[in-house]
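Only the coordinates and a few stated rules stand behind these numbers; no lab work does. Only a predicted model underlies this, so the values are computations on that prediction, with no experimental measurement involved. Counting neighbours? That spans all protein chains shown, and the Cβs are built from the backbone with ideal geometry, glycine included.
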Amino acid sequence: MLDTALRTLIGFALLLILTRLLGKKQLSQLTVFTYITGIALGNIASEMVLQKEIPILDAVFALILWSLLVFIIEWISLKSAAARVLMDGEPTIVIKKGLILEKALKAQRLNLDDLFMQLRLNQVFSVKDVEYAILEPNGALTVMKKSDKNHVTRGDLQLSAEPVGLPCEIIADGKIVEKNLKEFGFSHKQLNDEIKRQKITDIRTILYAELQQDRSLYIQKRV
């Protein structure tokens with residue numbers, strides 16, 4: 001027990017010191033690289049506490065060496081833009097002028113469901129309202145709305161609020177979202193009629209279709 005307590009105190013103290021030295025970037029700008037380095041440091045410390053066959057000095061050396069390597073990499077990234085791109089990646093435009101960039105989504109391994117979740121977190125409920133959406137290196141989505149969507153609210157004009165419906169995903173990746181079709185009372189006939197009206201013969205050519213608040217259908221074909 002004494003040996004375990006000693007290992008725990010040493011591991012705790014080292015982690016506290018090393019994470020403070022690594023800086024606030026570990027929390028405020030968490031990229032894939034910084035996330036992995038944090039996990040690795042914690043794993044080395046836990047191995048030191050639990051694996052009695054590992055000498056304490058070896059574990060301490062591993063923690064310090066790992067942190068030193070992180071310091072070196074971070075220093076290089078401060079001096080070199082190319083190194084920053086190599087380690088952290090660079091921002092990627094995934095929506096441009098209301099159109100989803102399918103190739104960009106595939107390159108970032110981001111599916112439509114995750115994209116729309118990120119949009120909702122940014123208080124955006126229709127892809128048509130987006131001028132640009134940029135996937136940042138830390139996985140967050142930065143959204144710039146179209147200028148005509150940044151209008152004053154009814155509260156600003158002291159008008160009474162009126163209930164509004166949400167735009168709804170009807171087709172994703174060439175497949176009909178049946179539950180949404182049923183929930184919003186939009187029949188297959190209405191859907192097929194609207195698709196034909198927009199001169200689309202194969203539903204599989206549709207990347208995304210959205211039922212608007214006015215019951216019109218916004219369709220984006222695959223590129």
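Ile56 sits among other residues whose Cβ lies under 15 Å from its own Cβ, and their net charge, with Lys and Arg +1 and Asp and Glu -1, is -2. Here the simple spin-label model places points 7 Å from the Cα toward Cβ, and for Leu9 and Met117 these points are separated by 4.4 nm. Taking Ile64, Ile93, Ile170 as the candidate residues, the one with maximal mean-square fluctuation in a Gaussian network model of the chain, Cα springs under 10 Å, is Ile64.
Per DSSP H run of n ≥ 4, the term is -39500 (n - 2.57); total these for the chain, divide by its residue number, and report the mean residue ellipticity at 222 nm rounded to 500 deg cm²/dmol.
Working: 9 runs with 108 residues, N = 223.
Dividing the helical sum by the residues of the chain leaves -15000 deg cm²/dmol.
If the chain linking Leu101 and His188 were pulled fully straight, counting 0.36 nm for each residue of separation and taking away their Cα-Cα distance, it would gain 28.6 nm. Convex hull of alpha carbon positions in the range 24-123: directionally averaged projected area 9.3 nm².
By the rule of a C-alpha distance below 20 Å, with chain neighbours fewer than 8 residues away ignored, the lysines paired with Lys179 are Lys189. Net charge in the neighbourhood of Glu169 (other residues with Cβ under 9 Å of its Cβ; Lys, Arg +1, Asp, Glu -1) is -2.
Please list, by residue number, every one of the trypsin sites (Lys or Arg not before Pro) in the range 92-129 that is coil in DSSP and has at most 12 other beta-carbon atoms within 10 Å.
Here the sparse-neighbourhood loop sites are Lys97, Arg109.
Over all alpha-carbon pairs in the chain, figure out the percentage whose distance exceeds 23 Å. Of the Cα pairs, 63 percent sit more than 23 Å apart.
Our estimate of slack between Arg20 and Val60, defined as 0.36 nm per intervening residue step minus the Cα-Cα distance, is 12.8 nm.
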